[in-house]
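Asks: Shown below is the structure under consideration.
The values are calculated or read from the model by the stated rules, or taken from the named source; none is laboratory data. Note that the coordinates shown come from a computational prediction; the quantities given were computed from them, not determined experimentally. Using ideal geometry, Cβ is built from the backbone for each residue, glycine included, and neighbour counts are taken over all protein chains shown.
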Amino acid sequence: MDEQDEFWLSEEMAEWLGLKKSEYLSKLIENQRADDYVFEEFIRYEKLVPDTIQHPDRVYERVEDDQRVRTYVRTYEDKLHQIVVGALIADTKSGNDVFVPIINFITNSIELAQLFGQGESSGPLRN
């Protein structure tokens, strides 16, 4: 990683991200159906995260606690939806926004994907 590629999170932001991760994980556990993918299977699909972010089927954006949160959703198979939720954090050095993932998971439930896909639609959408 080049020095120009470095991005530092404030302690306050790191704490907020940790709290959000706990909140989203609780939401996932509470709403996940018994016939859904189990947590141990999530790691097998980690390799798809970059593709989900670069080529999502749907993108949602909202503001939580004065922080922009973006959700990427991509369906890979008939019943494999990958959800990646993260914060858009301004990099004062570059002036760009940096997407910092908070949680990602797979599900076979379109209802669970929709629960996490809240906010305004943004970006190109695919059918």
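Asks: Quick check on my filter: what residues within segment 99-127 are within 15 Å of I53 (Cα to Cα) and assigned to a loop (DSSP other than H, G, I, E, B)?
Replies: Matches in segment 99-127: G117, S122, G123, P124, L125, R126.
Asks: Now for a separate question. Can you tell me which residues in segment 58-117 are small (G, A, S) and buried (at least 16 other Cβ atoms within 10 Å of the Cβ)?
Replies: Just the residues of segment 58-117 that are small (G, A, S), to begin with: 86-87, 90, 94-95, 109, 113, 117.
Result: G86, A87, S109, A113, G117.
Okay, residues lined up against (1) β-branched (V, I, T); (2) in contact with a His (Cβ under 8 Å, 6 or more places away or on another chain):
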residue	(1), (2)
V69	yes, no
K79	no, no
Q82	no, no
T92	yes, no
F99	no, no
I106	yes, yes
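Asks: Let me ask something else about it. Limited to segment 1-25, what total is found for residues that are basic (K, R) and modelled with pLDDT under 95? Full working, then the answer.
Replies: First, the residues of segment 1-25 that are basic (K, R): 20-21.
Next cut, modelled with pLDDT under 95 only: none.
So the count comes out to 0.
Asks: Follow-up. Only one of these is closer than 25 Å to S121 by Cβ, aromatic (F, W, Y) and in contact with a strand residue (DSSP E or B) (Cβ under 6 Å, 6 or more places away or on another chain): F99, F7. Name it. Even if it seems obvious, please write down each step before you answer.
Replies: On the way: F7 fails: closer than 25 Å to S121 by Cβ.
Testing whether each residue is closer than 25 Å to S121 by Cβ, aromatic (F, W, Y) and in contact with a strand residue (DSSP E or B) (Cβ under 6 Å, 6 or more places away or on another chain) leaves just F99.
To keep it simple, each residue is scored yes or no on (1) touching a residue at least 12 places away in the same chain (Cβ under 8 Å); (2) touching a helix residue (DSSP H, G or I) at 6+ places or on another chain (Cβ under 8 Å); (3) more than 24 Å from F42 (Cα to Cα).
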{"position": "V59", "(1), (2), (3)": "yes, no, no"}
{"position": "Q67", "(1), (2), (3)": "yes, yes, yes"}
{"position": "T71", "(1), (2), (3)": "yes, yes, no"}
{"position": "R74", "(1), (2), (3)": "yes, yes, no"}
{"position": "H81", "(1), (2), (3)": "yes, yes, no"}
{"position": "I89", "(1), (2), (3)": "yes, yes, yes"}
{"position": "S94", "(1), (2), (3)": "yes, yes, yes"}
{"position": "T107", "(1), (2), (3)": "yes, yes, no"}
{"position": "Q114", "(1), (2), (3)": "no, no, no"}
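Asks: Follow-up question, since we're still on this one. Specify the residue that is nearest to I83 (Cα to Cα); the eligible residues are those in segment 8-36 that are surrounded by 14 or more Cβ atoms within 10 Å (Cβ to Cβ) and more than 17 Å from the chain's Cα centre (by Cα). Spell out the reasoning first.
Replies: Going residue by residue through segment 8-36, those that are surrounded by 14 or more Cβ atoms within 10 Å (Cβ to Cβ) are 9, 13, 16-17, 20-21, 24-25, 27-28, 31-32, 36.
Then drop every residue that is not more than 17 Å from the chain's Cα centre (by Cα), which leaves 9, 36.
Values: L9: 23, D36: 14 Å.
Within segment 8-36, the match that is nearest to I83 (Cα to Cα) is D36.
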